[in-house]
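Okay, so here's the structure we're looking at.
The values are calculated or read from the model by the stated rules, or taken from the named source; none is laboratory data. Nothing here was measured: the structure is a model prediction, and the numbers come from that model. For neighbour counting, all protein chains shown are included, and Cβ atoms are generated from backbone atoms with ideal geometry for every residue, glycine included.
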Amino acid sequence: MNKNLLLIIVTLATLALSNIAFGADKPASPMPDETPEFIAQGHEVYIRRCSFCHGLLGDGNGPASDYLDPRPRDFTMGTYKFRTSQSGELPTNEDLFRTVSRGLPSTGMQAFDDQVIKNGLSEIDRWAVIAYIKTFAPEFENPDYDPKLNDLIVFLPENQAPYNAESIKKGAEIFQKAKCWECHGKQGRGDGLKAFDKTDDWGFPIRIRNLTHPWKIKAGTRVEDIYMRFSTGINGTPMPSFISALSEEERWYLANYIKSIQHEMTSHDVLKIELIDGAIPEQADDQLWANAAPMDIRLTGQVIAAPRWQNPSVELVTLKALYNENEIGILVQWDDPFKDEKHVTENEFNAKDIAKVGAYNSYIKADKMIPRQLDNFSDALALQFPVKPVDGTKKPHFFRGSASNPVQLWMWKAASGSKEAIARGWKNSPKNQDDEKQSISSVASWSKGQWSLIITRPLVTDDRNDVQFTPGKFIPIALNAWDGSNGEHGLIMSLSTWYYLIIEAPTPLSVYLYALLTVLLTGGFGFWLKKKVQSG
Amino acid sequence: MFKMKINRFWSMILTVFVVYLFVKIIIPAVSREITGLPFPLTVPGALVFIYMLLAIISIFLYVTFSDDILEEFLDPIKKFLRGDYGSTFRTVVLCGLPLFIGWQVYEVLVPKNELPSSLRIQHPSSNFPKSSEDLKNPFADPTDAEVNAFIEQAKANQVPFIPQLEADIGFWAEENSDSHMLSFIATKPMKEFLNEMKAEQINEETAKNALVEKNLFEGRALYAMNCRPCHGDSVSGDGPMADGFKLRPINFTDNGTIETIVEGYTFWRVANGGRGLPVEATPWDSAMPQWKLNLTEEQRWKIILAEYDLAEKTPRIPEVHK
């Protein structure tokens with residue numbers, strides 16, 4: 001009977017595990033012949049799933065395309081970014097299959113593998129739609145351009161370097177030598193070069209990737225994927241191939257290094273405010289801050305109310321918090337490739353027309369509607385707290401509360417410093433509180449593509465709108481963030497949902513007493529039994 | 001045949017362990033298979049306690065059922081207490097076990113930085129207006145007059161589309177001036193309709209299906225423009241904006257989401273968003289917009305039509321009240 005049970009356990013465990021496994025991005029069989037019937041089958045798939053972004057003519061001009069950055073691929077040029085073919089060449093069928101199956105994370109292009117999503121496309125439907133997409137670019141019909149027939153494939157070599165400290169260190173040297181930092185920045189935060197006033201092959205602004213944010217790496221975060229990116233280059237963009245500049249070995253080291261700088265997210269949603277002696281340090285590089293535990297918060301575009309924004313710049317903010325007997329200090333750090341300290345109020349967007357019922361669209365276009373350039377809008381960040389003390393799990397809405405349940409914002413702007421403000425819902429902008437109610441102070445610095453902001457405040461104040469930091473209380477906190485050179489201001493911003501801060505209450509004495517009592521009772525019982533058995 | 005006989009004491013310990021394993025690991029794993037949700041449903045702590053208590057009571061009943069069994073069960077314990085397994089071992093266990101239990105008590109009692117979990121009701125109905133319950137999607141079932149008007153438009157090769165699609169369809173029609181303007185919708189119902197029109201033998205049912213196909217096409221475009229950033233281009237709740245919300249956008253392909261509610265409910269939720277939810281559904285955590293502020297009723301119904309179609313689900317049929 002036990003044997004059968006074991007069998008059941010093993011079967012169920014295997015079943016549970018198989019669900020986690022990632023769907024196949026390699027086809028089970030090669031692409032069928034591209035007959036007119038097969039292409040027609042692909043056309044039907046395309047009309048149902050693809051044309052709204054990529055357009056009926058495959059020119060990347062579907063109705064949703066203006067709002068997306070990166071913009072949907074224009075298939076008519078035959079220029080594809082993610083391939084296993086050499087720089088500048090057409091992709092292979094399998095390359096297209098991989099992209100359709102896996103999708104490109106953090107873009108509008110998502111996975112279509114029916115092993116990944118329930119209503120995805122079967123392998124044959126994926127092949128069919130690829131056959132249809134290829135008809136948009138005449139280059140695919142010319143055998144002279146076929147990367148396979150012409151021996152233009154970049155193969156993944158077998159001699160992969162082990163992922164260890166030594167090879168990562170070598171990779172860091174190659175990052176210097178190959179001048180990756182010229183564009184991607186010394187820390188890989190995409191802050192090396194201001195490139196968004198230059199355009200790619202499709203005429204769109206170039207935005208250099210922040211290599212430390214793994215969810216932004218579009219064609220895979222495995223070391224093998226990273227290796228392929230700088231071996232094949234990214235067609236249509238300034239990202240070159242390093243196939244002749246670097247040896248295979250060097251490219252493996254570099255891939256290991258890039259992998260090593262990718263940020264690993266913390267997974268908790270409560271941040272413990274830690275007790276220190278003396279003043280809250282004013283420098284972000286102070287050892288006290290380095291020792292404090294971090295909490296990562298994911299932000300996303302403000303898509304809840306018009307004007308909606310789906311191309312946010314600030315997607316990760318890391319918090320640390322310290323307190324002494326009088327004050328609390330919060331260190332807020334986030335990546336922002338360019339420092340924007342100027343704010344031109346006249347350049348702000350008036351959302352009146354796009355906010356109406358039945359307007360063409362309530363989203364902001366990726367280009368042209370707002371200036372995504374330097375010297376227009378200030379970088380800014382706000383910490384949001386409930387005004388009313390929290391009762392149970394009931395809180396104000398994470399998006400600026402409401403008239404009956406307002407929120408307080410600790411609003412810092414690179415252009416004008418920090419102020420406490422009250423928001424009663426998103427429809428009206430937050431109102432700064434009177435000067436005598438202001439009790440926060442802030443120090444901000446920007447270095448190598450990252451802002452560090454330290455906000456301090458007395459633990460307890462006499463303003464009834466202020467959150468009070470007393471031990472043992474969960475304090476909800478949410479974030480708003482703006483990257484000025486990404487065009488962000490007003491509701492065109494990124495935001496988070498609620499997280500929590502807490503000052504730990506000291507453990508009550510009764511806990512130790514109960515534990516001790518348990519030990520004594522169970523211990524006493526054990527020895528009493530022993531006595532009884534020995535004497536009986 | 002070789003058969004290993006294990007002492008009842010150890011088989012009882014094993015039983016408790018297996019029950020614990022079942023409750024803690026197997027039930028959540030199976031729940032995942034059954035619900036199709038991307039996360040397991042764990043058994044609540046109070047329930048685990050009850051299950052384990054029941055298991056121990058049953059073992060107690062079984063063990064005390066006859067003197068023989070009790071004897072066999074108590075035998076290893078007695079041997080242990082007498083020191084048959086070594087007196088050092090006995091001292092270690094007799095001291096270690098109380099310390100372990102004391103540590104467990106401390107763990108249970110010590111205050112933790114864990115939030116009290118909040119139960120959330122996904123489809124609250126406390127403030128759902130009864131009048132919405134019987135609403136039907138007008139674009140899923142067009143009237144005869146609408147179908148006839150559509151046939152006339154198709155014959156004149158001038159079928160109006162929503163403004164969001166005008167540019168894309170316009171460029172396509174320019175490139176394909178020799179085809180009928182509707183032929184870009186390369187799906188079966190539309191092809192059938194266009195063939196019948198060519199043969200001048202239009203069946204009203206075919207025309208109706210073609211009109212629904214046109215409505216679907218518009219709905220998909222509006223979905224891609226408005227909802228896709230969060231709910232994803234395959235309605236799987238995995239859009240590029242989804243990762244920033246702790247309460248993730250709903251995956252409409254999951255069982256137990258849009259197929260368990262009537263269309264009128266979907267319409268009401270899309271109109272009023274997270275802020276329109278009652279307290280038991282934690283409205284402060286929901287990012288769902290109040291779409292009545294930006295989308296017309298027509299736009300919302302077309303989106304809902306496309307949403308059910310993409311998810312390969314059908315809405316629940318309203319109950320008949322007599």
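Things to note:
- Tallying residues that are over 21 Å from A:SER65 (Cβ atoms) and assigned to a loop (DSSP other than H, G, I, E, B) within the range A:359-381 yields 7.
- For the range A:481-501, the set of residues classified as at the interface with chain B (Cβ under 7 Å from one of its Cβ atoms) and either surrounded by fewer than 16 Cβ atoms within 10 Å (Cβ to Cβ) or assigned to a helix (DSSP H, G or I) (or both) is empty.
- Helices (runs of 4 or more DSSP H) wholly inside the range A:96-190 containing at least 3 residues that are in contact with a Gly (Cβ under 9 Å, 6 or more places away or on another chain) and touching a residue at least 60 places away in the same chain (Cβ under 8 Å): A:123-134
- Just one of the listed residues (B:MET190, B:MET197) is under 28 Å from A:GLN110 (Cα atoms), out of contact with any Gly (no Cβ under 6 Å at 6 or more places or on another chain) and among the hydrophobic types (A, V, I, L, M, F, W, C), and it is B:MET190.
- Segments classed as helices (runs of 4 or more DSSP H), wholly inside the range B:224-320, with at least 2 members that are under 15 Å from the mean Cα position of the chain (by Cα): B:297-311
- Residue within the range A:33-50 that is within 14 Å of another protein chain (Cβ to nearest Cβ) and within 27 Å of A:TRP309 (Cβ to Cβ) present: yes
- Among the candidates B:VAL48, B:VAL19, residue that is under 30 Å from B:ARG248 (Cα atoms) and touching a helix residue (DSSP H, G or I) at 6+ places or on another chain (Cβ under 6 Å): B:VAL48
- The residues of the range A:29-59 that are acidic (Asp, Glu) and in contact with a helix residue (DSSP H, G or I) (Cβ under 7 Å, 6 or more places away or on another chain), listed by number, are A:GLU34, A:ASP59.
- Looking across B:VAL93, B:VAL18, one residue alone is at pLDDT 90 or above and either aromatic (Phe, Trp, Tyr) or in contact with a Gly (Cβ under 9 Å, 6 or more places away or on another chain) (or both). It is B:VAL93.
- Boolean, A:VAL460 is surrounded by fewer than 22 Cβ atoms within 10 Å (Cβ to Cβ), among the hydrophobic types (A, V, I, L, M, F, W, C), more than 20 Å from the chain's Cα centre (by Cα) and under 30 Å from A:ARG209 (Cα atoms): no
- Test: residue in the range A:157-164 that is under 25 Å from the mean Cα position of the chain (by Cα) and surrounded by fewer than 20 Cβ atoms within 10 Å (Cβ to Cβ): yes
- Subset of the range A:48-77 (residues that are of a type in the set (Val, Ile, Thr) and surrounded by 21 or more Cβ atoms within 10 Å (Cβ to Cβ)): none
- Within the range A:51-80, the set of residues being within 24 Å of the chain's Cα centre (by Cα), assigned to a loop (DSSP other than H, G, I, E, B) and within 12 Å of chain B (Cβ to nearest Cβ) comprises A:ALA64, A:LEU68, A:ASP69, A:PRO70, A:PRO72.
- Residues located in the range A:382-411, provided they are part of a loop (DSSP other than H, G, I, E, B) and basic (Lys, Arg): A:LYS388, A:LYS395, A:ARG400
- Candidate set from the range A:349-400 (those that are acidic (Asp, Glu) and farther than 28 Å from B:ALA167 by Cα); member that is nearest to the other protein chains (Cβ to nearest Cβ): A:ASP391
- Count - residues of the range B:38-65 that are modelled with pLDDT under 90, of a type outside the set (Phe, Trp, Tyr) and not in a helix (DSSP H, G or I): 6
- Residues that are surrounded by 15 or more Cβ atoms within 10 Å (Cβ to Cβ) and touching a residue at least 24 places away in the same chain (Cβ under 8 Å), drawn from the range B:75-89: B:PRO76
- Within the range A:258-274, tally of residues that are away from chain B (no Cβ under 14 Å) and either farther than 10 Å from A:VAL223 by Cβ or free of Cβ contacts under 8 Å to residues at least 60 places away in the same chain (or both): 3
- Residue selected from the range B:38-71 under the condition closer than 30 Å to B:GLY237 by Cα and exposed (fewer than 15 other Cβ atoms within 10 Å of the Cβ), by the criterion nearest to the other protein chains (Cβ to nearest Cβ): B:PRO38
- Just one residue in the set B:GLU263, B:GLU259, B:GLU298, B:GLU280 is surrounded by fewer than 19 Cβ atoms within 10 Å (Cβ to Cβ), modelled with pLDDT of 90 or more and assigned by TED's automatic domain parsing to the domain that holds B:ILE162; that residue is B:GLU298.
- Selection from the range A:191-208 of residues that are in contact with a helix residue (DSSP H, G or I) (Cβ under 6 Å, 6 or more places away or on another chain) and under 22 Å from B:PRO240 (Cβ atoms): A:ILE208
- Selection status of A:ALA423, among the hydrophobic types (A, V, I, L, M, F, W, C) and within 19 Å of A:GLU282 (Cβ to Cβ): no
- Residue match in the range A:456-471 (condition: modelled with pLDDT of 95 or more, aromatic (Phe, Trp, Tyr) and closer than 24 Å to A:SER416 by Cβ): no
- Residues satisfying the stated conditions in the range A:463-474, i.e. under 26 Å from B:PRO283 (Cα atoms) and surrounded by fewer than 22 Cβ atoms within 10 Å (Cβ to Cβ): A:ARG464, A:ASN465, A:ASP466, A:GLN468, A:PHE469, A:GLY472, A:LYS473, A:PHE474
- Single match in A:ALA380, A:ALA415 (criterion: modelled with pLDDT of 95 or more, in contact with an Asp or Glu (Cβ under 6 Å, 6 or more places away or on another chain) and of a type in the set (Gly, Ala, Ser)): A:ALA415
- Evaluated against (1) touching a residue at least 60 places away in the same chain (Cβ under 8 Å); (2) part of a helix (DSSP H, G or I), A:GLU504 falls short on exactly one condition, (2).
- B:LEU94 being without any contact (Cβ under 8 Å) to a residue 12 or more places away in the chain and surrounded by 14 or more Cβ atoms within 10 Å (Cβ to Cβ): yes
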